[in-house]
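Note sheet for the following structure.
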Amino acid sequence: MTTLQQASVARDLFQGSGDGARLIGTRCAGCGTHYFPKSLSCRNPQCDDKQVQDAVLSRHGVLYSYTLQAYRPPPLFRMDDWSPYLIGLVELPEGLRILGMLRGCTRDTVRIGMAMELVLEPLYRDESGQEVLTYKFQPRMAAGATP
Amino acid sequence: MKPVYILGVGAHAWGKFPDKPQLRLALDAMQAALHDAGLAWRDLQGLVAASSRFEGGMGWGLHANEIVQAVSESGIPTCNVGGGCAAGGIAVHAAFSMIASGQCEVVAAVGAERMPKGFIPRPPGSPDDISDTDYLRWVTMGATNPAYWALETRRRMHDFGTTAETLALASVLMHRNAMANPLARYRKECSVEEVLASAMVSDPLHILEICAVSDGAAAVVLGSEEQARRRGGPMVQVAGCATATGQFGDPAVRVPMVSTAARSDVPHTSEVAGAVRRACAMAGGGPQDIDLVELADNTAWHVLAWPEFFGFFEPGQSDWMLRHGEMDIDGCLPVNPSGGFLSFGEATTAQGVLQVCELAWQLRGQAGGRQVQGAKLALSAVLGLGANGASVVLKA
């Protein structure tokens, strides 16, 4: 999933690269509910099965809401060349809304209801020189994809 | 179940008190509540503490055992409850249950907190991996608590056309209410223009639309009917008291989750909505019977959204109600006469206890310049990290 020069912000969060990038979640075999990140159990009180399996999630979704994070977050967050950035909530076909950073749009161009797609992008370079990747969402047009 | 009454309430002022230990804040609040009840420490038969989040002895936050060991080693049972910012409400519920069950005649609940400055950091003790979403939200995107509330706010603007001016007006109302509260952290009027000109934290939320992290402490002494008659004065009954946790499919973007499996048929902020529903049912009334509410306004969005979530208003109706003065102290549903988190200040685990103090002052007619005239039934609602909710209904 990553080259020698790249690492991810956390293990078991996403896989693949480029158009093949996918978030890793969980699907309950009993009731079909999806979770992100991977969950220990199904949380549906109506479900007695609770057999959860790893599941890759859809790469495409619709922007449900967004905010501009205008202050630098506390130090557990790392980002080279920090400047205010957008965070969005993207609704996937699985019924999950996923929180993540946005790229390829600005406070003036972002719109609720936009078609979005998952991308992996470096947040910072760590002490060993590796690029550390996180997942983000970008408007589908920005990647040259058909809407 | 035996009826439970308010015997005494008391609070330390909210603010920043770097030279005052947390235990001192707790003792001051307890002393005020005991004095109000006309009781001494030795009269207590039990003490419940809301476990504080940011400091406290033995690595487990403020605990009731620590308090009695500091001031009155009478050997009474103590109980310590967690629940994030809802811990104060959960502590009142635990004290209520000890009396309602007939085990005790006089039990107090207390919360005291000293908050760090700025964004609330991640609590210690969890692994640095995907099993802790509080870790994930920081390393993957740096989502601060205001960012979560901002996502809800932006969506409300999209769904109902809520304007930046209406959001600012919610903060203006909280500041105006706090002016008449001597315990409030901020007692200064502000204008819509000042709110909108204040620093943007997480668009569309400005710093004056986000709760002010503060130090504070509050305590309530609860007792049986016999104890309440002994005290004399107006009888204020705990008519409803409930806690709840979140429901599967809740559409809330809950701090610190990085996803939500939203279902349209599940109430938003279900942990609080559930507690409010149970507390109202216990009191034998509905939202239409409530004369005032104290709710956890972490932001201006909460002032608008929560009365709708809990059935006081229809979805989208709060904007009109606020703009037409219906949430003012003389409106149809006074919201946070105390000044709320936005202007009274927020001291996490102490907040749910302070809310009950304010309800009691209102129902006794002791709220001075912020008095809701003729209030008979009052409700509190508080939310805590980890899908905890609590609600208390007091009846005069």
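Annotations for the structure displayed:
- Yes/no for residue B:320 being out of contact with any Pro (no Cβ under 9 Å at 6 or more places or on another chain), among the aromatic types (Phe, Trp, Tyr), surrounded by fewer than 19 Cβ atoms within 10 Å (Cβ to Cβ) and at pLDDT 95 or above: yes
- Taking the numbered list (1) facing chain B (nearest Cβ under 7 Å); (2) assigned to a loop (DSSP other than H, G, I, E, B); (3) not acidic (Asp, Glu) in turn, residue A:40 passes all entries but (1).
- Screening B:220, B:272, B:213 for residues that are of a type in the set (Val, Ile, Thr), over 30 Å from residue A:33 (Cβ atoms) and at pLDDT 95 or above leaves exactly one candidate, B:220.
- Residue check, residue B:139 hydrophobic (A, V, I, L, M, F, W, C), assigned to a helix (DSSP H, G or I) and either under 28 Å from residue B:31 (Cβ atoms) or within 14 Å of chain A (Cβ to nearest Cβ) (or both): yes
- Of all residues in the stretch B:250-306, those satisfying the criterion of being among the hydroxyl-bearing types (Ser, Thr, Tyr) and touching a helix residue (DSSP H, G or I) at 6+ places or on another chain (Cβ under 7 Å) are B:269, B:299.
- Residues (touching a strand residue (DSSP E or B) at 6+ places or on another chain (Cβ under 6 Å), more than 8 Å from every other protein chain (Cβ to nearest Cβ) and not small (Gly, Ala, Ser)) located in the stretch A:92-115: A:92, A:94, A:102, A:103, A:105, A:110, A:114
- Residue B:196 crowded, with 24+ Cβ neighbours inside 10 Å, in a helix (DSSP H, G or I) and more than 8 Å from chain A (Cβ to nearest Cβ): no
- Count of the stretch B:249-277 residues, restricted to those that are of a type in the set (Lys, Arg), in a loop (DSSP other than H, G, I, E, B) and more than 8 Å from chain A (Cβ to nearest Cβ), is 1.
- Scan the stretch B:281-303 for residues that are touching a Gly at 6+ places or on another chain (Cβ under 9 Å), surrounded by 24 or more Cβ atoms within 10 Å (Cβ to Cβ) and not in a loop (DSSP other than H, G, I, E, B) and the total you get is 4.
- Restricting attention to the stretch B:173-193, the residues that are surrounded by fewer than 23 Cβ atoms within 10 Å (Cβ to Cβ) and closer than 11 Å to residue B:209 by Cα total 1.
- Scanning the stretch B:65-92 for residues that are assigned to a loop (DSSP other than H, G, I, E, B), farther than 20 Å from residue B:54 by Cα and not charged (D, E, K, R) yields a count of 5.
- Exclusive hit being farther than 26 Å from residue B:249 by Cα and buried (at least 17 other Cβ atoms within 10 Å of the Cβ), set A:77, A:36: A:77
- Count of the stretch A:2-28 residues which are among the aliphatic types (A, V, I, L, M), surrounded by 15 or more Cβ atoms within 10 Å (Cβ to Cβ) and away from chain B (no Cβ under 12 Å): 1
The values are calculated or read from the model by the stated rules, or taken from the named source; none is laboratory data. Quick caveat, the model's predicted, so the values are computed rather than measured. Don't worry about glycine lacking a Cβ; one is built from the backbone with ideal geometry, like all the others, and counts go over all protein chains shown.
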